[in-house]
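So the structure is just underneath, and the comments pick up after that.
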Amino acid sequence: MAFAAPWMLLGLAALAAPIIIHLLDRSKTAAQDWPSLRFLKIAHEHSAQRTKIKHLLVLLCRCLLLTLVVVAMAQPYRQRENWDKPPDLPSTLTIVLDASFSMGCQDASPSGANRFETAKRIAIEQVKALGIEDEAALVIAADPPVRLTDQPTRDLDAVCRLIDQTSLSPQSTDIAAALSEAFAVGRMDAPRPGSGAEPDADATALQKRRSAWRQVLLITDMQQGAWQTWLRTETAREAAKALPVTIVSVGASDTANRYIRDINVAAGGSGTLVLDVAAATSGVAAPSAKAALWIDGQAAGSPERVASRSSRIKLIAPMPAPGFHRAFVQLDADALPIDDRRYFCFTVPGTHSIAIVDGDPSTVDRMSETYYFRQALLSGDVDGRRLQVITLTPQQLSESGLVGINALVLANVASLDGGALMQVENFLRAGGNVLVALGDKVDIDHYNADWRFLPLPLDRMLGSADHQRNYGIVVEQQTHPIIAGDLDLAAARYFQFVGADPTKLARGGQIIASFTNGSPALVESRFAQRGLVLLLTGSIDADWSNLPYRRAYVPLADRIVRYLTNQQIEARQFDIGRPVTITGPGTIANPFINVTTPAGLAQRIRAERDPMTGEFSAVITGIDEAGFYDVDADERFGLDAALAVNVDTRESMLAPVDKTTLRESFGQLPMRMVDGKSGTLSDWRVSADKTWGRHRENASRWLLLAALGAFVMEAFVANWFTRRNAVKPRATTEYLGRGAVAASRRAG
Amino acid sequence: MKLDRSTVDRYLEPRMLAALSRLPLTSRRVVEGAMMGTHRSPFKGFSTEFADHREYTPGDDLKHLDWKVFSRTDRYYIKQYEENTNLRAHILLDCSASMAFPAKPKVGDMSKYQYGCHLAAGLGYVLIAQQDPVGLVLFNDEIVTQLPAMRSLAHLRRILHTIDQARPGSRTNAGKALQGVVAQVRRRGLLILISDLMDEPDRIVQALAHFRQRGHDVIVIQLLHQTELNLPFEKVVTLRDMETGDRITIDGAEVAAEYRRQIDAFVDRYKQCCFEQGFDFVLANTSVPYDALLTALLTRRQR
């Protein structure tokens, strides 16, 4: 609602007049003599309430009357959308075709066509319905949007062919960007006849725009992910050159889609590979399905059943041989098959060595401090080839040199001489990692004084040897590689440990787990900014705890060692459409990188040397397919043999955008939404031939009529109270003798 | 007493006198008169109309002996006749402040007091013309002036002078004043009450009941102005009570209906009371010519 003469609204100040009149004390008028006020007082009391109501109603009527008159004089009008096409104007129709992979969804329709095929059919029908004077343009809503016609064209057959040749994109889309592109194209005109196939840009800019009615026809499945930018920003719809938009919905709101959102890979105990798969379902609940793991082209492990709703499942397979592997998880096919497969790559580490210094050795192996820890490591290494464990005494440590050792474990070591401590510190400075586990042999004062690499100073021994008290373990860093996942430490109990003050933690250190009394249980920090030191304030054997008897002990020991030896397994995957930047040292002799797409197209990329750093760098672009991209490059670039590329699962959520929100987001920009189903298609096609226009609908005359009504109402209210109480005036004279009274009584 | 000619002419217009000259004012009840007249007396005498027999006692006039009864019963009985006597009337005229309404009458209009004076003058003339003594009582919250009942034309002039000199004032307390009248007028006669009766109806009704107990015949003439009856105001107006000085601001159109209902109930209360006491009641609208009202009153009294 807007006003043609808004300054007339100042007349609303006149509303004060009836209010002031209403509030005026009218008792100050000149008084007239009256014989007796006794009856007037009674009558006044009787009518006081009614009089108040009457005066209030009259005041309201007068205020309404004034308001209506003033507003009518301000000439209010409403901009009304009118899709009636001016009969003498040609059309310029810009078609925006949503090609995101959600358009590949096959809804339950009689034709059996998916959304994209339906959209193409509708687009072609609309182009064919255009007249000889009309022009058409085509924009594909992908990421980024693509203009298939640089400007509108009168060659409608060519536009139809382009639509027919358009294929579905494996990417998501951004409707906001596509509409901005469409607005830009839609305001252009086709080259004038005789100007040549490649018109001069300057000449085109100078030529007068033809008078045509222009609109954008967006054919989409209304998938909400595509509208996120549009709903968040106002750039496109606030553009001064925006055009009217007709949105044709070709998606069904009740279609279910199951997809894999994410995958985490970790080594399980006993030589297994464990996959944590996050499966999601959008729309209505989907029927149950199975998820299967494929490694290097072969099925691995057993398929697992996926619940109808979003859930996490575990896939367990035998640990593959050390080396690089390509894998994917496959769901049973549904309405949208493109997101049913999730690709990833991972590397199984090779052989690594660990040295364990046993501070409490025994001739009876089971009695030694490191027995359980060693057994746990050996049980995880089923083939016995990936892990070499060397057991040392504290005295042997200074002589060993720790050559070829990836990690060092100091278990219940009472003390180390200067040479051994120097050996450990040098090991850490060289990038080696150390686990320090305590026990009853530990000399706390020696540790605090000489073991400078400890994350925090030790306090005193807590708990009791007779198991009278026990302490649970509280995880502080849920995402730490040692603790993450389903490691069950709930049943683990410590009866003794060495207490420490958590506030005295070294800079950069972190507490991974604590005992239930708040004392740190597992702490890590770096020494000399290189080597990692893990401190377990309890023991790793069964003297102080029941942890070795718990099922979490074997995977915990395995994870600690893998963490210390930097031999973790992780799933590596890339998002589609995102370029991959790689760098390598300047000493690389062959700077070329060969990339082969899943479709088999080879690409040769040359890494360029950065003059500032001297390093090689390159960007791999064109990653627009889901699957494995083979990579052939110098290993110093840090690239795997393949890149696993997956679709953007935000597009997998088929839930449509809320139409009310969408309509509000267009604001003043004219838009309409049309259902693309067959039942409404014919009506829409008729209306699609029309155009949008802006007409003023003046409301003044209606307001004046309403003001007249208010006037009548005011008169009615003012007189109704009086009329309804009208009483016939009394006779001028009455004579009443005895006979007359008797007669009147008889008559009564 | 000086009474100029114009005063007599003002109250006794020839037109009115001509209309009233043929209409007597009689009492509907027996009255106690001092002289022979046209009105029935409670005293039995020897007039023309037979009333009863009584046993002869020595000293009775033998001409009234009923010989027919003697022949049948052999006992002496004297025939008694109803005595006709003159009518002793008192005109009770209200001169309270409310009777001065309207204070400034328009041309052709008059205040209630002026109207009441004309009625009193006319009735006094009729009574004196038929040789009945008439008295005057002016009252507001008490008896202001009282003239004894006499039947001379000079007395009529005195009455006219008295009502002409009086000015309405003070508050109405008709009940109290009428109680005083009850004490003053002891012989049964005719009382003509001319007032707007703007007092508590209960007190006035009580006074009328006392009149009834004393055997008086009463004619109640309630004077109300046309404006007072119909409250013709259409807009907001401020009114001042002529007796108390109180003020009230009203919307005439709003309160008119309820006001009329109230004043109708007020009038009806007196009407009912008069019926129960056997009195005549006249509601006199001052817009009606007083001679027409008197003519109608006297004509109806004849039926």
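For B:Arg171, B:Arg301, give the ranking by accessible area with the largest first, probe 1.4 Å.
B:Arg171, B:Arg301
Ignoring ligands, DNA and RNA, how do A:Leu704, A:Leu669 rank by accessible area with a 1.4 Å probe, largest first?
The residues order as A:Leu704, A:Leu669, largest area first.
Interface size between chain B and chain A, please: total buried accessible area, 1.4 Å probe, rounded to the nearest 100 Å².
Answer for the B-A pair: about 4700 Å² buried.
Quick one: Debye curve from the alpha-carbon atoms of the stretch B:144-260 only, equal weights, vacuum; give me log10 I(q)/I(0) at q = 0.18, 0.19, 0.23, 0.24 Å⁻¹ to two decimals.
-1.08, -1.15, -1.40, -1.45
Note down the relative contact order for chain B as a percent, whole number, built from C-alpha pairs under 8 angstrom at least six residues apart.
19
Could you tell me which of the pairs B:Lys106/B:Lys271; B:Lys112/B:Lys235; A:Lys290/A:Lys314 are separated by over 18 angstrom between their Cα atoms in the structure shown?
Over 18 Å Cα-Cα: B:Lys106/B:Lys271; B:Lys112/B:Lys235.
Could you state how much accessible area B:Tyr77 has, in square angstrom rounded to the nearest 10, with a 1.4 Å probe and all protein chains kept in place?
It works out to around 60 Å².
Please report the Cα spread of the stretch B:207-303 along all three principal axes, rounded to whole Å, starting with the longest.
Here the Cα extents, ordered largest to smallest, are 47, 30, 22 Å.
Given the peptides A:432-442, A:157-167, A:3-13, arrange them by the average over their residues of other C-beta atoms within 10 Å, most packed first.
A:432-442, A:157-167, A:3-13
Simple spin-label model, 7 Å along Cα-to-Cβ: A:Thr660 to A:Glu133 in nm?
Each label point is offset 7 Å from its Cα along the Cβ direction, giving 4.3 nm.
Where the convex hull is taken over the Cα atoms of the protein assembly as shown, what is its projected area averaged over directions, in nm²?
If I average the Cα hull's projected area over directions, I get 91.7 nm².
Helix A:418-429 against the longest principal axis of chain A: what's the angle in degrees, Cα atoms only, rounded to the nearest 10?
Compared with the principal axis, the helix lies near 40 degrees.
What figure, in Å² to the nearest 10, do you get for the accessible area of A:Phe495 with a 1.4 Å probe and non-protein molecules left out?
Accessible surface of A:Phe495 is approximately 30 Å².
Would you list A:Lys504, B:Lys106, A:Lys41 from the most to the least accessible area, probe 1.4 Å?
Solvent-accessible surface, decreasing: B:Lys106, A:Lys504, A:Lys41.
If Rh is defined by the Kirkwood formula over all Cα pairs and Rg also comes from Cα, what ratio Rg/Rh do you get for the stretch A:240-351?
For the stretch A:240-351, the value is 1.16.
Ignoring ligands, DNA and RNA, please state the percent of accessible area on the stretch A:285-438 from carbon and sulfur, probe 1.4 Å.
53
Which angle between 0 and 90 degrees, to the nearest 10, do you get for helix A:175-186 versus the longest principal axis of chain A when only C-alpha atoms count?
60
Report for the protein assembly as shown the percent antiparallel among DSSP-assigned beta bridges with both residues inside it, nearest 5.
Rounded to the nearest five, the antiparallel share is 60 percent.
Taking a cut-off of 19 Å between Cα atoms, list the aspartates and glutamates near A:Lys54, but don't count ones fewer than 8 places away on the same chain.
Here the aspartates and glutamates satisfying the reach criterion relative to A:Lys54 are A:Asp25, A:Glu45, A:Glu714, B:Glu234, B:Asp251, B:Glu254, B:Glu258.
Using 1/(1 + (r/R0)^6) with R0 = 51 angstrom and r between the beta carbons of B:Asp246 and A:Met1, what's the FRET efficiency to the nearest 0.05?
According to the calculation, E is roughly 0.40.
What average count of beta carbons from other chains do you get within 10 Å of the Cβ of residues in B:279-286?
The shielding value for this peptide is 5.
Pairs of Cα atoms under 8 Å, at least six residues apart: use those to get the relative contact order of chain A, whole percent.
Computed value for chain A: 15 percent relative contact order.
Expressed as an acute angle from 0 to 90° and rounded to the nearest 10, what is the orientation of the C-alpha long axis of helix A:156-165 relative to the principal long axis of chain A?
40
With a 1.4 Å probe and every protein chain left in place, tell me how much accessible area A:Phe711 has, in Å² to the nearest 10.
Looks like 110 Å² after rounding.
Can you list the GluC sites (Glu not before Pro) in the stretch A:104-177 that are in a DSSP coil and have 15 or fewer other beta carbons within 10 angstrom?
When the GluC sites (Glu not before Pro) of the stretch A:104-177 are filtered for loop state and at most 15 Cβ neighbours within 10 Å, A:Glu133 remain.
Please quote Rg/Rh for chain B to two decimal places, taking the Kirkwood radius as Rh and restricting both calculations to Cα atoms.
Taking Rg over the Kirkwood Rh, I get 1.08.
Among DSSP bridges having both ends in chain B, what percentage is antiparallel? Round to the nearest 5.
Of the beta bridges lying entirely in chain B, close to 50 percent run antiparallel.
The values are calculated or read from the model by the stated rules, or taken from the named source; none is laboratory data. In this text, all values refer to a predicted model and were calculated from it rather than measured experimentally. Please note: Cβ atoms are built from the backbone with ideal geometry, for glycine as well, and neighbour counts cover all protein chains shown. Protein only, heavy atoms only, side chains kept; ligands, DNA and RNA dropped before computing areas. Shrake-Rupley method; radii C 1.70, N 1.55, O 1.52, S 1.80 Å.
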